[in-house]
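First up is the structure itself, then whatever we jot down about it.
The values are calculated or read from the model by the stated rules, or taken from the named source; none is laboratory data. Computed from a predicted structure; not experimentally measured. In this analysis, Cβ positions are derived from the backbone assuming ideal geometry, glycine residues included, and neighbour counts consider all displayed protein chains. Surface accessibility is based on the protein's heavy atoms, side chains included, excluding ligands, DNA and RNA. Shrake-Rupley method; radii C 1.70, N 1.55, O 1.52, S 1.80 Å.
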Amino acid sequence: FQMCPGRVICQLLSSGEKEVDLAVQSAKAAFKIWSQMSGMERSRVLLEAARIIREQREEIATLETINNGKSIFEARVDIDISWQCLEYHAGLAGSLAGEHIQLPGGSFGYTRREPLGVCVGIGAWNYPFQIACWKAAPALACGNAMVFKPSPFTPISAVRLAEIFTEAGVPKGLFNVVQGGVATGQFLCHHPDVAKISFTGSVPTGIKIMEMAAKGIKPVTLEMGGKSPLIIFSDCSFENAVNGALMANFLSQGEVCCNGTRVFVERKILDAFTKEVVKRTQKIKIGDPLLEDTRMGALINRPHLERVQGFIKQAKEQGAQVLCGGDLYVPDDPKLKNGYYMRPCVLGNCKDDMTCVKEEIFGPVMSILPFDTEEEVVERANNTTFGLAGGVFTRDIQKAHRVVAALKAGMCFINNYNVSPVELPFGGYKASGFGRENGRAAIECYSQLKTVCVEMGDVESVF
């Protein structure tokens, strides 16, 4: 494999209405078989898929790096989280159960946890393989089938996942991949045989998906954007907080929905913190993402690179100071000269009403803002339409728990950031969406409860 940014990797045909219908009907047929299998039988298949992914970790990570542009170092982590997600939900598959409720006179009731049917997963381009696993694992564990549409910018690795599921022994058609953009997504959302839609992506697209789902009374899981606050108190472990700020802003070239891009720093350590963050940011190795020492690869495409650059230009016009980076980067390697590279950027002198502080940039741009009191910073942190994540760095554990309890965000971090164990639910508040990926909470999103009431005596008629 070689990285050749800016060149076409392959060409795929977009799935039209006919192809979408074939994928859904195929999944519907497979669902009849899969949903009748026991949880333990489904568990064994998911465990086998996890084993294959673990065994082929390097190959899949390399494919993902070429697919997305992130460093091979990060891609390996994504693949590890992917097989862990399958293993975790395989463990839950055999334990799915309802309740038995005793009623008067020997009567009783019970509940059954049942699958929904054919679920649709619509993925984003920043974590293509991992998102596909996050959606497929709980869906399949609960007995559903899935038709998955990856982003048209990263169409490749989801196909590999479909092949792995087939190798692992799922019924033919249980996990289908369709390719395409807006039109393909619309065909999926409107299809009468689709029972549920799970979407990861932008807020405007999520709103449209919710509108389409509403017409069919279909449940949705929406995992959308963020402008998450990262609060650094002066009593933090300084080095750890600097590491946390870098992790919260520059993973995957900053193309992470839960990134803590509003970095609030207590004023008494503002200068020292900013100086160290700038120093560390300038040392980030940019270049060929397939090289072991590269820590930042290329952005997803040219329009997105230009959009990120536009945010930086606007930030300067509004009074922010570019402390480092923000400019285009051209690697020495001639085969990388057409890549969509930029130097990671730190913005100082930021104000809450600046566009760079209010809107999601989705690139390697950190905005640093000073604060003086806990009450003040919590209020400012919550002053956003988003609510995906938030973080706090402090040695005062009472303050840490107090602050995260006050943050209006679905995923909070204390003295770390961008850690996503598959055992924990992931999802947002407010415009960042609802429903959860991972953890036991994902089971609730991919199943439905049936209540059965059993009368042991004669029916007493009131008529």
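So the values come out like this:
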{"item": "Total residues in region 145-160, condition surrounded by fewer than 24 Cβ atoms within 10 Å (Cβ to Cβ) and not β-branched (Val, Ile, Thr)", "result": "5"}
{"item": "Residue in region 42-64 that is open to solvent by 40 Å² or more (accessible area, probe 1.4 Å) and either β-branched (Val, Ile, Thr) or in contact with a strand residue (DSSP E or B) (Cβ under 9 Å, 6 or more places away or on another chain) (or both) present", "result": "no"}
{"item": "Residue in region 26-35 that is open to solvent by 80 Å² or more (accessible area, probe 1.4 Å) and over 25 Å from Lys196 (Cα atoms) present", "result": "no"}
{"item": "Failed criterion for Asp293 (all others in (1) modelled with pLDDT under 95; (2) open to solvent by 60 Å² or more (accessible area, probe 1.4 Å) hold)", "result": "(1)"}
{"item": "Strands (runs of 3 or more DSSP E) wholly inside region 185-264 that include at least 1 residues being acidic (Asp, Glu) and in contact (Cβ under 8 Å) with a residue 60 or more places away in the chain", "result": "220-223"}
{"item": "Any hit, region 309-320, residues being under 26 Å from the mean Cα position of the chain (by Cα), free of Cβ contacts under 8 Å to residues at least 24 places away in the same chain and not in a loop (DSSP other than H, G, I, E, B)", "result": "yes"}
{"item": "All positions within region 329-350 that are closer than 16 Å to Ala315 by Cβ and either in a loop (DSSP other than H, G, I, E, B) or open to solvent by 10 Å² or more (accessible area, probe 1.4 Å) (or both)", "result": "Arg343, Pro344, Asn349, Cys350"}
{"item": "Set Ser71, Ser38: member being under 23 Å from Leu174 (Cβ atoms), in the same structural domain as Ser151 (by the TED database) and hydroxyl-bearing (Ser, Thr, Tyr)", "result": "Ser38"}
{"item": "Enumeration of residues in region 231-255 that are open to solvent by 10 Å² or more (accessible area, probe 1.4 Å) and out of contact with any strand residue (DSSP E or B) (no Cβ under 8 Å at 6 or more places or on another chain)", "result": "Asp235, Phe238, Glu239, Asn243, Leu246, Met247, Leu251"}
{"item": "Which numbered condition Gly181 misses (of (1) touching a helix residue (DSSP H, G or I) at 6+ places or on another chain (Cβ under 9 Å); (2) more than 24 Å from Glu444 (Cα to Cα); (3) surrounded by fewer than 23 Cβ atoms within 10 Å (Cβ to Cβ))", "result": "(1)"}
{"item": "So Ala320, is it among the hydrophobic types (A, V, I, L, M, F, W, C), buried (at least 21 other Cβ atoms within 10 Å of the Cβ) and closer than 30 Å to Asn382 by Cα", "result": "yes"}
{"item": "Any hit, region 389-410, residues being within 20 Å of the chain's Cα centre (by Cα) and without any contact (Cβ under 8 Å) to a residue 60 or more places away in the chain", "result": "yes"}
{"item": "Flag if Ser15 is surrounded by 18 or more Cβ atoms within 10 Å (Cβ to Cβ), of a type in the set (Ser, Thr, Tyr) and in contact with a Gly (Cβ under 9 Å, 6 or more places away or on another chain)", "result": "yes"}
{"item": "Any strands (runs of 3 or more DSSP E) falling wholly within region 73-177 and containing at least 3 residues that are in contact (Cβ under 8 Å) with a residue 60 or more places away in the chain and hydrophobic (A, V, I, L, M, F, W, C)", "result": "118-122, 145-149"}
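So that you can scan it fast, the table gives a plain yes or no per residue for (1) buried (at least 18 other Cβ atoms within 10 Å of the Cβ); (2) closer than 30 Å to Gln398 by Cβ:
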residue	(1), (2)
Glu163	no, no
Asn176	yes, no
Asp193	no, no
Ile197	yes, no
Met210	no, no
Lys215	no, no
Glu223	yes, no
Gly226	yes, yes
Pro229	yes, yes
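Here's the yes/no breakdown for (1) farther than 21 Å from Asp78 by Cα; (2) touching a Leu at 6+ places or on another chain (Cβ under 7 Å); (3) in the same structural domain as Glu376 (by the TED database):
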| residue | (1), (2), (3) |
| --- | --- |
| Lys408 | yes, no, yes |
| Pro421 | no, no, no |
| Leu424 | no, no, no |
| Tyr429 | yes, no, no |
| Phe434 | yes, yes, no |
